[in-house]
1. If a helix is a whole DSSP H run, which ones in the chain reach 18 Å or further along their own axis (Cα) and hold a mean Kyte-Doolittle hydropathy of at least 1.6?
2. Given only helices, namely DSSP H runs of n ≥ 4 each adding -39500 (n - 2.57), what is the per-residue ellipticity at 222 nm of the chain, to the nearest 500 deg cm²/dmol?
3. Give me Rg/Rg_expected for the stretch 40-102, where Rg uses Cα atoms only and Rg_expected = 2.2 N^0.38 Å with N residues.
4. For the stretch 107-241, compute the orientation-averaged projected area of the C-alpha convex hull (one quarter of its surface), in nm².
5. When only the heavy atoms of the protein chains count and the probe is 1.4 Å, how do 443, 321, 312 rank by accessible area, highest first?
6. Please work out the ratio of the alpha-carbon Rg of the stretch 171-301 to 2.2 N^0.38 Å and round it to two decimals.
7. From the Cα gyration tensor of the stretch 234-360, with a ≥ b ≥ c the square roots of its eigenvalues, which class applies: rounded if a/c is under 1.5, or else prolate if a/b is larger than b/c, or else oblate?
8. How big is the stretch 150-198 along each principal axis, measuring the range of its Cα positions in Å and listing the largest first?
Amino acid sequence: MSILYFLSLVLFVAYVGRLSSQVCRRSLTEWWLTTFLLGAGSVILTGFILSALYQTANSLVWAGSVFITATIIGAILTFLLPRQERFSVRGLVQERWQTGRAWFSGLSSYPRFLFSILFLTLAIIAVTNLLLVLFTVPNEWDSMTGHLNRVMQYVQRGTMRHFGGTNWNIDTYPKSVCTLQIYTFLMTGHFENGFKFIHHLSYWTAIVAVFGIVQRIGQNRLSASFFCALAYALLPDFLMQAITTETDIVLTAYLSVLLYMLFTYRSTGAQQAADNRYLYLAGMAFGIAFGHKITFALLLPSVFVIMIYTVFLSRSLAITFGRTWRLAGAIVVGVCLWTLPTGYLKNIDVFGHPIGPPTALKHQSVERAGSLGNLLEQGSRNMVRYGFDHINLDGIRNIQAGATINHSMRQPLVLVEDKLHMRLDEETDFSIQAFAFDRKFVFYNANPYWGIFGFGLVFPLLILVLVGFIRSTPHLYLGIALLLHFAALSYSAPYDPFKGRYFIETGLFGITFLALIFLHPRTSVDVPKRTVWKAYVGFVTILGCLSALMCVFLNTRALPFAWTAPDGITFPSAFQSDRIRQITIGRPDTYVPYKRFDELVPANATVALATINDDYEYPLYGPELSRRLIAIHPFEQGLKPIPKNADYLFFDKSVITPQPGDIRLGTDTTLRALMIVPGEDYYLRKLH
């Protein structure tokens, strides 16, 4: 049956692509983005319905029902939109391929050099990352404690209803991404790495969207569009999430589709009556994005600024009113269908807040700052901290020589901070981890920022636009949107050195400024006698490509080849490492107890878990993800009775006192001092 389910997945993708050709205009970029939106929207809605019917784990029902949902959504959109002549996607691909070849062959030597190294770098990374997605296991901290743990719980329970998990993220995070992961997991025959598919697809979708957005604001200049898309594909923080199950890259894809629809709406209105299809699709993307993660709320000011430019500004108040009510109506429908059912209402019912329990709020949001005055002070300090964090040779500093160069390069910044008495590394009351000018390897290796493309090109061009040296109306609005999101991330939560992953959405606004290298007369590399400027752009591009390659090939969480890091720790290749060692790479002190657990507990056993919020639980499902796990120490609910059907009890000494006969699995105490959060003292008890 597994092959039949996989074929149904392939058929579903083809079917959604066919529906999209009836909805979108004749554009390959638009077809890709519409297909992604319709596909994700159909699976998410189907997942909500199947959860209510306790059919979350029913592969046969999933295989057929997604077609029904997609058909209904497609029919509604087709009814609302102008009559659209269907086109051949295959013919369009061939046509665009010829256009691309003609563009590249017409380039002069300098831009041909730039694009050659960019395309070659991306090709190497694309092949490597695809292999890492298919053949290495997920191992991110949040996935091991929360994201993938709850996906498996939903599969085992047959529903996504609230149940009270050990980690607070299990019940409080929106569930829409779970539907996408469950669908691909079931349709690929319980293939563990199927959990990564939506994230890897989101990587390519955001790249396509950046290309399309720059096409809309840059008068279809292919050089500007390709440069922005390729540079975004190589941004370290965006690139690193392409092979993980982190949630921010999926939100970035939804945001990119939303921005594309808004900018395309404006471009159609510049030539003729604006096409309302883009407002409806924007509303759909808005609802899906908000339903994906609550941090989309931090993007609302930025999105509103873009809406002002693309929708609200018009020749008359009547036109603005007509546009506004259509967009507002589409957003309301999108929120009702894709946001409200995802769990926010249940959080209010259980915790009294749409985000989660008070403990979580105090740990990770503005509540931790205390008074408004302190929030303004510490939030401003966070803006400077994150600004400093962006000025790093991410990727390159993974090796000792790069780290030395990076340290020397940043010394003037350290001197300025000291003279101004900013106390960035001394004030810690609004920090999860204290700020440091030289972050630990474990932080910048796993969660870099934008690297040299960011501080070398994006920020300088942003400043030139904001001071008026470069006049570009769309970039002025994009710059304001970027600053608003940067501020929102700084003021809304404590400083966190792992926060690099959140700035991939900010980077979506920022990367469009690279288009000015080809679009604006004052910064164009196509203007003769700009040797210094061309050399600088080429230097940044070369280092950006090197940075991207080093991010991928020296990423300790998923190393293509074995490597010894600058801190002296040797890591095996992710392709050759055993599953438990690879899955506990972020907490190596837990390898021994988890390995022993895997050896002692049968693959189909039922295990009661008396663990704590920070414990990895996902590895305990086993290599075939076939063990049934029952949490008996749910977050802030106290210890529950051991279920009668449990075969084993896995517990922490801090939760249950061991008794004679219990097997001490322990933890590697020699590594305890090196761990950000050390493992517990683990025990196993056979119950029957």
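1. Numbers: long enough: 2-23 (32 Å, 1.52); 28-52 (36 Å, 1.37); 59-80 (32 Å, 1.97); 89-105 (24 Å, -0.66); 109-135 (39 Å, 1.97); 197-217 (30 Å, 1.20); 248-269 (32 Å, 1.02); 277-292 (23 Å, 0.84); 317-338 (31 Å, 1.38); 372-390 (27 Å, -0.67); 473-492 (28 Å, 1.11); 531-553 (33 Å, 1.73).
What comes out of the filter, once short or polar helices are dropped, is 59-80, 109-135, 531-553.
2. On the way: 28 runs with 384 residues, N = 688.
Theoretical 222 nm ellipticity from helices: -18000 deg cm²/dmol.
3. Working: Rg = 17.4 Å, N = 63, 2.2 N^0.38 = 10.6 Å.
For the stretch 40-102, the normalised Cα radius of gyration is 1.63.
4. Values: hull surface 40.3 nm².
Mean projected area of the Cα convex hull: 10.1 nm².
5. Working: 443 15, 321 140, 312 50 Å².
Solvent-accessible surface, decreasing: 321, 312, 443.
6. Numbers: Rg = 16.0 Å, N = 131, 2.2 N^0.38 = 14.0 Å.
Computed over Cα atoms of the stretch 171-301, the ratio equals 1.14.
7. Numbers: a/c = 2.58, a/b = 1.50, b/c = 1.72.
Note, shape of the stretch 234-360 comes out oblate.
8. 28, 19, 15 Å, listed from the longest principal axis down.
The values are calculated or read from the model by the stated rules, or taken from the named source; none is laboratory data. Predicted, not measured: the structure shown is a model, and the values here were computed from it. Methodologically, a virtual Cβ is constructed for each residue, glycine included, from the backbone with ideal geometry; neighbour enumeration extends over all protein chains shown. Accessible surface areas use protein heavy atoms only, side chains included; no ligands, DNA or RNA. Shrake-Rupley method; radii C 1.70, N 1.55, O 1.52, S 1.80 Å.
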